[in-house]
Amino acid sequence: MLATVKEILHMVTPGWAVAAFNVHNLDDARAVVEAAEELNSPVILMVSQSALEYAGLSFAARICRTAAEEVRIPVAVQLDHGRSVELALACMHHGFTAVMFDGSHLPLEENIAQTRQVVKAAARFGVSVEGELGVIGGKEDELAVADQESNLTDPQEAQRFVEATGIDVFAPAVGTAHGFYTRPPRINLERVRALRAQVKVPLALHGSSGLSTVVLKQLIAEGIAKVNIGTDLKAAYTASLRGFLTELPEEHEPRKVFAFAREQMKNLVRERLGLLGSVDKAR
Ligand code: G3H
Ligand code: ZN
């Protein structure tokens, strides 16, 4: 069932978080919703700007909306790390139920101004909006951010940003990084606590792949309500394809190869939903 991220986050209570998976095509989108349906868990399908370039906006929107409509659990379809107001608007026109406008690379006032524009337009579509402030480490979509430049989000600035923009979900920088970690992550739990106290909307965690179970659970205990999972699902996808074709190099039937990959991805999704505590939380 199609839902907005706001509607799904409304269901979240202390102690668990909703998973938001980056998807690219029919197979990973179906793997996510089928596993979530099996476990009676709400879930979010996200398509990044570069995934949209790969799949095509119309294809991506239709694949994700159909995947959502095929199941009885609430599923939101969100643009992830959209870098322009135009792209956010185009996603709304194509039926996305949520957009993330990522103006974190802009000066604060410009980030506020552009995010507000997206929020205003989204209100007309009934779409929810996620905004970002601060620099999340690692590779952020196509933009490589040097680890040393990563700076955490200031709680006072965050409060101002959230109030001035009217966003529904806030993505802060708390020490995580996109992609696999090249050195042990240093997650600032106190910063999460301070942000939680200062900011009135749900917090989204970016860069969850590679974090330990203990750290993820601590972050959820501190009030993270949405956990973005990208690299782990991509790795499960490509590793299963590699494994299958190495084992059976003569196989030429795409249905067999991709059905196998879908099952492997479902295992990863089931494991993440269990870890985040969203199993049996769909109403
Ligand atoms: O927006 C997407 C997520 O932040 C993905 O991060 O690839 O490290 O899991 P990840
Ligand atoms: Zn992210």
Check: Roughly speaking, what is the stretch gain from Glu157 to Thr66, that is 0.36 nm per residue apart minus the C-alpha to C-alpha distance, in nm to one decimal?
Finding: 28.9 nm
Notebook entry, point to check: Under 5 Å between amide H atoms, partner at least 5 residues away or on a different chain: which partners does His81 have, H built in plane at 1.01 Å?
Noted result: Met100
Checklist line | On Cα atoms only, tilt of 155-165 relative to the major axis of the chain in degrees | finding: 80 degrees
Notebook entry, point to check: Label points 7 Å out from Cα along the Cβ direction at Ala123 and Glu271: separation in nm?
Noted result: 4.4 nm
Note to self: Please compute the length gained on full extension between Arg193 and Ala259, using 0.36 nm multiplied by the number of residues separating them and subtracting their Cα-Cα distance.
What the structure shows: 19.6 nm
Next item on the list: Work out from phi, with θ = phi - 60° and the Karplus expression 6.51 cos²θ - 1.76 cosθ + 1.60, the ³J(HN,Hα) of each residue of segment 201-212, listed in order in whole Hz, and give x for Gly and Pro.
Entry: 9, x, 9, 9, 9, 9, x, 7, 5, x, 6, 6
Next item on the list: Using only Cα positions of segment 49-103, each an equal point scatterer, no hydration layer, compute I(q)/I(0) via Debye at q = 0.23 Å⁻¹ and quote the log10 values to two decimals.
Entry: -0.84
Margin query: Could you identify which residue out of Ala67, Ala17, Ala221 has the top mean-square fluctuation in a GNM of the chain using Cα springs shorter than 10 Å?
Written below: Ala221
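By the scheme Lys and Arg +1, Asp and Glu -1, what is the net charge of all other residues having a beta-carbon under 12 Å from that of Lys226? Present the calculation step by step, with values, prior to reporting the outcome.
Details: positive: Lys6; negative: Asp80, Glu130, Asp168.
Taking every Cβ under 12 Å from that of Lys226, the sum is -2.
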Notebook entry, point to check: To the nearest 10 degrees, how steep is helix 189-198 against the longest Cα principal axis of the chain, on a 0 to 90 scale?
Noted result: 60 degrees
Checklist line | Pair Thr182, Ala113: separation of 7 Å Cα→Cβ label points (nm) | finding: 3.4 nm
Notebook entry, point to check: Mean separation of Cα pairs under 8 Å and 6+ residues apart, divided by the residue count of segment 163-283: what relative contact order is that in percent?
Noted result: 22 percent
Notebook entry, point to check: So what's the angle, to the nearest 10 degrees on a 0 to 90 scale, between helix 108-125 and the longest Cα principal axis of the chain?
Noted result: 60 degrees
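In whole percent, what relative contact order does the chain give with Cα contacts below 8 Å and a gap of six or more residues?
Working: 595 pairs, mean separation 64.2, N = 283.
Reported relative contact order: 23 percent.
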Checklist line | CD proxy at 222 nm, helix term only [per DSSP H run n ≥ 4: -39500 (n - 2.57); per residue of the chain; nearest 500] | finding: -15000 deg cm²/dmol
Next item on the list: Please list, in chain and number order, the residues 5+ apart from Gly138 or on another chain whose amide H is under 5 Å from its amide H, with Hs placed from the backbone.
Entry: Val145, Asp147, His178
Next item on the list: Please give, to one decimal in nm, the separation of the simple spin-label points placed at Ser58 and Leu26, each 7 Å out from Cα toward the Cβ.
Entry: 1.7 nm
Next item on the list: Search the structure for amide H atoms under 5 Å from the amide H of Gly103, placed 1.01 Å from N in the peptide plane, and list their residues when 5 or more places away or on another chain.
Entry: Glu132
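Where in segment 55-126 are there trypsin sites (Lys or Arg not before Pro) that are in a DSSP coil and have at most 15 other Cβ atoms within 10 angstrom of their Cβ? Write out the running numbers ahead of the final one.
On the way: sites: Arg62, Arg65, Arg72, Arg83, Arg116, Lys120, Arg124; in loops: Arg72, Arg83.
Sites meeting the loop and neighbour criteria: Arg72.
Could you rank the peptides 160-168, 210-218, 7-15 by their average count of other C-beta atoms within 10 Å per residue, with the highest value first? Please list the in-between numbers first.
Working: 160-168: 20.1, 210-218: 14.7, 7-15: 16.3.
In decreasing order of mean packing, 160-168, 210-218, 7-15 become 160-168, 7-15, 210-218.
Out of segment 208-283, which GluC sites (Glu not before Pro) are coil in DSSP terms and have no more than 10 other C-beta atoms within 10 Å? Intermediate results must be reported in sequence, preceding the final value.
Working: sites: Glu222, Glu247, Glu250, Glu251, Glu263, Glu271; in loops: Glu222, Glu250, Glu251.
The qualifying sites are Glu250.
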Check: Given the Cα-Cα distance of Leu245 and Asn40 and 0.36 nm per residue of separation, how much length would full extension add, in nm?
Finding: 70.5 nm
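What is the projected area of the convex hull of the Cα atoms of segment 5-276, averaged over all directions, in nm²? Could you put the intermediate results ahead of the total?
Values: hull surface 54.7 nm².
Hull-based average projected area comes out at 13.7 nm².
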Checklist line | Neighbour net charge for Arg72 - beta-carbon separation under 14 angstrom, K R +1, D E -1 | finding: -4
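Computed from the coordinates by the stated procedures, all read-outs in this text should not be read as laboratory data. Everything numeric in this text was worked out from a predicted model, so none of it was measured. Neighbour counts run over all protein chains shown; Cβ positions are idealised from the backbone, glycine included.
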